[in-house]
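The values are calculated or read from the model by the stated rules, or taken from the named source; none is laboratory data. Just so it is clear, the structure is predicted and the values come from calculations on it, not from any experiment. Please note: Cβ atoms are built from the backbone with ideal geometry, for glycine as well, and neighbour counts cover all protein chains shown. When the accessible area is computed, the model is the full protein with side chains, heavy atoms only, and any ligands, DNA or RNA have been set aside. Shrake-Rupley method; radii C 1.70, N 1.55, O 1.52, S 1.80 Å.
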Amino acid sequence: MIRIDRPEQLDRTVIAGLARGECRIALTPDLLATLAVSRRATLDDLEGDQPVYGVNTGMGAMAGIRLDTEAQARQQNTLMIGRSVGSAPWLTRPQARALLATRLRTLLHPAAGASPSLCLHLAALLDADVIPAIPLRGGAAGEIIPLAHTGAVLTGIGQVLDKHGEAVDAAPALAAAGLSARPFEAKEGVAFLEGVPGLTGMAALFATETRGLLAQIIVATATAHAIIGASHDPLHPALADSAELQEVLTSLRALLTPHHPPHAASAHPILSNPTPSPTETHQDRGMAAARQNDVTPTHLILSSSAPDRTASHQDRHRSGGRGDDGLREDASRESGGAGGGRALQAPVSFRVTAPAIAVALRAVADVEAAADRALSAVTDSPAHLDGRFVGTFGFAGTDLAATIGALTTALIHLAELGTARLHRLLDSTLTGLPRQLSDSPGLHAGMVTVHKRAVGVAHRLRRFAAPSHVGAMETSLGQEDVQSFGFEAAECLGEAVTGLRDVLACELLAIHQARLLAATPDGPRLSHPEDPVDSMPPNSSDDAANRLGDGTPDNYAGGTPESAAGSFRGGVPRGAADSAGGGSVGRGLGGLSGAAWGALDEVAAVLPGGSGDRAFGRDLERVIRLLGAGWSSPGR
């Protein structure tokens, strides 16, 4: 139970935890006493004859109509009824919980003038998991439609989500939870409809989800590098032009360093992003974490990729005491040439992935900063400020919509890059593996149709790249002559996250297939990080040995296509462990760290054995679930 003494304690991290049902909160007596003071001041300033928008007047184009005492008493509840015009699809349960938690946070601001009892009721809904059915498509005029659906639940006339995610009447659900309807009092209804708590709460959720997804892309990208023998030149430390790019390049180099031991250090702050102070930079957080762990900040990017200070004497001797640079040089020689690759230049999609991830990391940090600003800002309109009721712009959400749009575009670009990398993995001239990663070219399609799925997903995502804050439209007879579409921005970001995960699953399935096809009849080819250095196969520095052939379509695993196909019995490579048992499968690729191998083992553990054609859509469902559960993400 988290005790909330001050509004700022209900921050983005706590809201995300509440949304996922990972924590509970309690509003302390001191906070409730503070709310009572601001509520009393609001009620005092409502007395008199001055017009107050939405309290003793109509709303929108009807703001000039004054309401009598009887109408005022009814209006705060009727605001919910006439504006509940949405319908399915609904927000997911975590998204709706995030909206509720964020609405509670903003009502704790004294400018809202909300009563302690209203805030306690919202906390009780979260605690009882009585969650409103809130339309995903929010319409216009800020979030007035989804918030009206939310407020209607408090009054007992709305709908809530059942355990299957379907909308049911709120009154029975409230009664079953031991709760009763709670009508809105003076000014509370209009305060409940203002601001952008839905967009803010979903931004908090998507930011956390995106950081995990970006960490997963780094692991997949490193593995794809190893499969095609891509040059390490684009990973040179001198190319980093920002803290974000420095961390991405460092992580990729670590994952591509054989005999790089796992490390139990915490995740790097840029990827995991603990809630920072407003003035704290990404580099400041990285240096602080580095000092805490007594390691170089560039070694914290992934919890499993940083070097261990207890590395063996053999590893230290192998690197000549030169640390990562020495290991990279050794890895370069092992993989057959300067820069750690076979070709002079890798395909562009491989070279530009790291800066594209860095762009996405900056974009997600901007979303988090915008969400933090929204949580502490005055979002009510009218807001009670200095004894007056002031009209504001807090309902627009321009800051969040703009930053979310930028993140959406960055993620869609990453999906396109993932599709391109996947296509390169099907090219036997780059991998030295069978064409299209088919165990029987001509008879079996291999991964070519998996790539077509990724292409379709990436193409569909392009329609979500248009920024939602472009395209002004009028409503309310021109009184509201510019609209904000925050829920549309959140929906587009959600589509981008889902689509990018789908493309990543396709790439990982192809990587797994390549791993199976790279297995030799004699078992592991090249070194695995768990093997002693001196036990590496003879001629391990030879490119043909390292890369399972001479790079032509007619030479697989040092033999003919027929001999390669013959190394599989029932689709399972000889010498490979049974994937169903969660063991190592087909360690036929060199140049990867123990962290990378461990991540690949997790993928193998959820997939059936064999490399022959099957209903790969089922495999992709398994991989997508694995990614959603946090595969290879920092802090999992």
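The table for this structure:
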quantity: FRET efficiency for ARG435 and GLU621, using Cβ-Cβ distance with R0 set to 30 Å, rounded to 0.05; calculated: 0.70
quantity: Pairwise FRET efficiency - ALA41 versus ALA369, Cβ, R0 = 35 Å, nearest 0.05; calculated: 0.65
quantity: Taking region 124-229 and dividing mean pair separation by its residue count, relative contact order in percent (alpha carbons under 8 Å, at least six apart); calculated: 22
quantity: Extension gain, LYS452 back to ASP49 (0.36 nm per residue minus Cα-Cα distance, nm); calculated: 138.4 nm
quantity: Approximate spin-label separation ASP127-THR13, in nm, with each point projected 7 Å along Cα-to-Cβ; calculated: 2.4
quantity: Euclidean distance of C-alpha centroids, region 54-88 and region 97-156, integer Å; calculated: 17
quantity: Alpha-carbon spread of region 1-128, three principal axes, descending order, Å; calculated: 46, 40, 21
quantity: Cα-projected label distance for ARG351 with ALA71, points at 7 Å along beta-carbon direction, nm; calculated: 6.9
quantity: Cleavage-rule hits, trypsin sites (Lys or Arg not before Pro), region 123-216, DSSP coil, Cβ neighbours within 10 Å at most 16; calculated: ARG137, LYS163
quantity: Separation of the ALA472 and HIS164 label points, Cα + 7 Å toward Cβ, nm; calculated: 4.6
quantity: Surface accessible to a 1.4 Å probe, HIS236 within the full protein complex, Å²; calculated: 100
quantity: Solvent-accessible ranking of ARG435, ARG421, largest area first, probe 1.4 Å; calculated: ARG435, ARG421
quantity: Additional length obtainable on full extension of the chain from ARG614 to ARG463, 0.36 nm per residue less Cα span; calculated: 51.2 nm
quantity: Loop-located chymotrypsin sites (Phe, Trp or Tyr not before Pro) in region 387-495, at most 14 other Cβ atoms within 10 Å (DSSP); calculated: PHE393
quantity: For region 121-233, projected area of the alpha-carbon convex hull averaged over all directions, nm²; calculated: 10.9
quantity: Solvent-accessible surface ranking, highest first, for ILE2, ILE218, ILE145 at 1.4 angstrom; calculated: ILE2, ILE145, ILE218
quantity: Accessible heavy-atom area order of MET59, MET202, highest first, probe of 1.4 Å; calculated: MET59, MET202
